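Presented below is the structure to which this report refers.
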Amino acid sequence: MAYLLRFLLIIMLAGISLTAGVALGWISLSYGHIQLAIPTFMFTIFIQAFVMFYFIGVSRLVENVWNALNSQGNLNELFEVIPDDLEPYKKKVARYVHESQLSKRQTIPWTMLMLILGTIAFLLGGAHDTGMVTKVVHSGVAYGFIVAMGIGFFRQWYYLKKSHILLGEMKALFGISRDAM
(Lines give C-alpha, C1' and ligand atoms only; values in the text may rest on other atoms or scores of the structure.)
Protein backbone atom coordinates (compact mmCIF):
# COMPACT_ATOMS: atom_id res chain seq x y z
CA MET A 1 0.00 0.00 0.00
CA ALA A 2 2.84 2.39 0.80
CA TYR A 3 4.26 1.92 -2.69
CA LEU A 4 0.90 2.68 -4.28
CA LEU A 5 0.54 5.82 -2.17
CA ARG A 6 4.06 6.93 -3.07
CA PHE A 7 3.25 6.44 -6.76
CA LEU A 8 0.06 8.49 -6.38
CA LEU A 9 2.01 11.22 -4.56
CA ILE A 10 4.42 11.42 -7.50
CA ILE A 11 1.49 11.79 -9.91
CA MET A 12 0.04 14.51 -7.67
CA LEU A 13 3.37 16.36 -7.60
CA ALA A 14 3.69 16.08 -11.38
CA GLY A 15 0.14 17.37 -11.90
CA ILE A 16 0.62 20.36 -9.62
CA SER A 17 4.00 21.10 -11.22
CA LEU A 18 2.46 20.96 -14.70
CA THR A 19 -0.39 23.24 -13.65
CA ALA A 20 2.00 25.73 -12.05
CA GLY A 21 4.32 25.57 -15.06
CA VAL A 22 1.47 26.36 -17.44
CA ALA A 23 0.24 29.18 -15.17
CA LEU A 24 3.71 30.75 -15.07
CA GLY A 25 4.17 30.38 -18.82
CA TRP A 26 7.09 27.97 -18.53
CA ILE A 27 5.18 25.19 -20.33
CA SER A 28 2.96 25.74 -23.34
CA LEU A 29 -0.03 23.43 -23.80
CA SER A 30 -3.30 23.67 -25.65
CA TYR A 31 -5.00 23.70 -22.22
CA GLY A 32 -4.83 26.61 -19.84
CA HIS A 33 -3.90 26.25 -16.20
CA ILE A 34 -7.56 26.56 -15.20
CA GLN A 35 -8.50 23.46 -17.20
CA LEU A 36 -5.55 21.59 -15.66
CA ALA A 37 -6.25 22.82 -12.13
CA ILE A 38 -9.70 21.27 -11.88
CA PRO A 39 -8.77 17.58 -12.34
CA THR A 40 -5.39 18.06 -10.68
CA PHE A 41 -6.86 19.48 -7.50
CA MET A 42 -9.61 16.86 -7.43
CA PHE A 43 -6.89 14.21 -7.62
CA THR A 44 -4.96 16.03 -4.88
CA ILE A 45 -8.00 15.88 -2.62
CA PHE A 46 -8.36 12.15 -3.34
CA ILE A 47 -4.72 11.25 -2.69
CA GLN A 48 -4.44 13.38 0.44
CA ALA A 49 -7.56 11.77 1.90
CA PHE A 50 -6.15 8.35 0.98
CA VAL A 51 -2.79 9.11 2.64
CA MET A 52 -4.45 10.58 5.72
CA PHE A 53 -6.66 7.53 6.24
CA TYR A 54 -3.68 5.22 5.68
CA PHE A 55 -1.86 6.77 8.64
CA ILE A 56 -5.03 6.78 10.73
CA GLY A 57 -5.59 3.10 9.87
CA VAL A 58 -2.03 2.05 10.70
CA SER A 59 -2.24 3.84 14.03
CA ARG A 60 -5.61 2.27 14.81
CA LEU A 61 -4.37 -1.23 13.93
CA VAL A 62 -1.35 -0.88 16.19
CA GLU A 63 -3.53 0.45 19.02
CA ASN A 64 -5.90 -2.51 18.59
CA VAL A 65 -2.97 -4.92 18.92
CA TRP A 66 -1.78 -3.02 21.98
CA ASN A 67 -5.25 -3.21 23.54
CA ALA A 68 -5.50 -6.94 22.77
CA LEU A 69 -2.15 -7.56 24.47
CA ASN A 70 -3.17 -5.63 27.56
CA SER A 71 -6.73 -6.92 27.87
CA GLN A 72 -5.69 -10.60 28.03
CA GLY A 73 -9.12 -11.44 26.61
CA ASN A 74 -8.39 -11.33 22.89
CA LEU A 75 -4.96 -12.93 22.84
CA ASN A 76 -6.22 -15.80 20.71
CA GLU A 77 -6.57 -13.28 17.85
CA LEU A 78 -2.81 -12.67 17.97
CA PHE A 79 -1.40 -16.07 18.95
CA GLU A 80 -2.16 -19.66 18.07
CA VAL A 81 -0.40 -20.71 21.28
CA ILE A 82 -0.44 -17.97 23.89
CA PRO A 83 3.05 -17.49 25.40
CA ASP A 84 3.57 -17.31 29.15
CA ASP A 85 5.58 -14.09 29.02
CA LEU A 86 3.96 -11.25 27.07
CA GLU A 87 6.44 -8.55 28.16
CA PRO A 88 8.67 -8.73 25.05
CA TYR A 89 5.58 -8.37 22.86
CA LYS A 90 4.23 -5.49 24.95
CA LYS A 91 7.57 -3.69 24.81
CA LYS A 92 7.80 -3.92 21.01
CA VAL A 93 4.15 -3.03 20.44
CA ALA A 94 4.49 -0.02 22.75
CA ARG A 95 7.29 1.21 20.46
CA TYR A 96 5.06 0.56 17.44
CA VAL A 97 2.24 2.58 19.03
CA HIS A 98 4.61 5.48 19.59
CA GLU A 99 5.98 5.30 16.02
CA SER A 100 2.53 5.07 14.42
CA GLN A 101 1.23 8.02 16.43
CA LEU A 102 4.35 10.00 15.51
CA SER A 103 3.80 9.24 11.82
CA LYS A 104 0.20 10.38 12.10
CA ARG A 105 1.14 13.57 13.95
CA GLN A 106 3.88 14.42 11.46
CA THR A 107 1.79 13.98 8.31
CA ILE A 108 -1.87 14.79 8.93
CA PRO A 109 -1.35 18.50 9.76
CA TRP A 110 0.48 18.97 6.46
CA THR A 111 -2.26 17.07 4.67
CA MET A 112 -4.88 19.37 6.16
CA LEU A 113 -2.82 22.47 5.36
CA MET A 114 -2.45 21.33 1.74
CA LEU A 115 -6.19 20.75 1.45
CA ILE A 116 -7.09 24.09 3.02
CA LEU A 117 -4.59 26.19 1.06
CA GLY A 118 -5.35 24.31 -2.15
CA THR A 119 -9.06 24.88 -1.75
CA ILE A 120 -8.59 28.56 -1.00
CA ALA A 121 -6.21 28.95 -3.96
CA PHE A 122 -8.71 27.13 -6.18
CA LEU A 123 -11.59 29.37 -5.06
CA LEU A 124 -9.47 32.53 -5.32
CA GLY A 125 -8.56 31.47 -8.86
CA GLY A 126 -12.23 31.55 -9.73
CA ALA A 127 -12.59 34.87 -7.93
CA HIS A 128 -9.64 36.27 -9.89
CA ASP A 129 -11.16 34.98 -13.14
CA THR A 130 -14.32 36.97 -12.39
CA GLY A 131 -12.37 40.06 -11.30
CA MET A 132 -13.21 39.91 -7.59
CA VAL A 133 -9.60 39.59 -6.34
CA THR A 134 -6.24 40.55 -7.77
CA LYS A 135 -3.80 38.09 -9.29
CA VAL A 136 -1.39 38.71 -6.41
CA VAL A 137 -3.86 37.30 -3.89
CA HIS A 138 -4.52 34.14 -5.90
CA SER A 139 -0.80 33.69 -6.69
CA GLY A 140 0.24 34.20 -3.08
CA VAL A 141 -2.10 31.52 -1.78
CA ALA A 142 -1.12 29.21 -4.66
CA TYR A 143 2.57 29.64 -3.77
CA GLY A 144 1.73 28.89 -0.13
CA PHE A 145 -0.06 25.74 -1.27
CA ILE A 146 2.95 24.69 -3.34
CA VAL A 147 5.32 25.19 -0.39
CA ALA A 148 3.02 23.27 1.97
CA MET A 149 2.66 20.53 -0.65
CA GLY A 150 6.45 20.27 -0.99
CA ILE A 151 7.01 19.95 2.74
CA GLY A 152 4.04 17.60 3.14
CA PHE A 153 5.16 15.47 0.19
CA PHE A 154 8.56 14.76 1.73
CA ARG A 155 7.11 14.12 5.18
CA GLN A 156 4.52 11.75 3.76
CA TRP A 157 7.16 10.00 1.65
CA TYR A 158 9.40 9.45 4.68
CA TYR A 159 6.66 8.32 7.07
CA LEU A 160 5.05 6.04 4.47
CA LYS A 161 8.32 4.11 4.44
CA LYS A 162 8.51 4.05 8.24
CA SER A 163 4.90 2.88 8.55
CA HIS A 164 5.41 0.20 5.92
CA ILE A 165 8.43 -1.14 7.81
CA LEU A 166 6.52 -0.93 11.10
CA LEU A 167 3.64 -3.00 9.72
CA GLY A 168 6.08 -5.60 8.39
CA GLU A 169 7.85 -5.87 11.75
CA MET A 170 4.58 -6.15 13.64
CA LYS A 171 3.28 -8.85 11.31
CA ALA A 172 6.56 -10.75 11.67
CA LEU A 173 6.36 -10.44 15.46
CA PHE A 174 3.04 -12.27 15.51
CA GLY A 175 3.84 -14.65 12.66
CA ILE A 176 1.38 -13.11 10.24
CA SER A 177 2.12 -13.22 6.51
CA ARG A 178 3.39 -9.90 5.20
CA ASP A 179 0.65 -10.04 2.53
CA ALA A 180 -2.18 -10.48 5.04
CA MET A 181 -4.37 -7.59 6.10
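The values are calculated or read from the model by the stated rules, or taken from the named source; none is laboratory data. Just so it is clear, the model here is predicted, and its values are computed rather than measured. Don't worry about glycine lacking a Cβ; one is built from the backbone with ideal geometry, like all the others, and counts go over all protein chains shown. The area values use the complete protein model at the heavy-atom level, side chains included, leaving out ligands, DNA and RNA. Shrake-Rupley method; radii C 1.70, N 1.55, O 1.52, S 1.80 Å.
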Here the residues within the stretch 5-26 that are farther than 21 Å from Ala49 by Cα and part of a helix (DSSP H, G or I) are Leu18, Ala20, Gly21, Val22, Ala23, Leu24
Scan the stretch 71-79 and tell me whether some residue there is of a type in the set (A, V, I, L, M), part of a loop (DSSP other than H, G, I, E, B) and open to solvent by 70 Å² or more (accessible area, probe 1.4 Å). no
So Val147 clears everything in (1) closer than 17 Å to Leu18 by Cα; (2) touching a Ser or Thr at 6+ places or on another chain (Cβ under 8 Å) except one condition, right? Which one? (2)
Just for the stretch 46-57: of the residues that are closer than 13 Å to His164 by Cβ and open to solvent by 10 Å² or more (accessible area, probe 1.4 Å), which one is farthest from the chain's Cα centre (by Cα)? Gly57
Quick test of your reading of the structure: Trp66 fulfils all but one of (1) over 25 Å from Phe7 (Cα atoms); (2) surrounded by 13 or more Cβ atoms within 10 Å (Cβ to Cβ); (3) of a type outside the set (Asp, Glu); (4) without any contact (Cβ under 8 Å) to a residue 12 or more places away in the chain. Name the failing condition by number. (4)
Within the group Gly140, Gly144, which residue is over 28 Å from Glu77 (Cβ atoms), open to solvent by less than 60 Å² (accessible area, probe 1.4 Å), in contact (Cβ under 8 Å) with a residue 12 or more places away in the chain and assigned to a helix (DSSP H, G or I)? Gly144
Out of the stretch 96-121, which residues are of a type in the set (Lys, Arg) and loosely packed, with under 14 Cβ neighbours inside 10 Å? Arg105
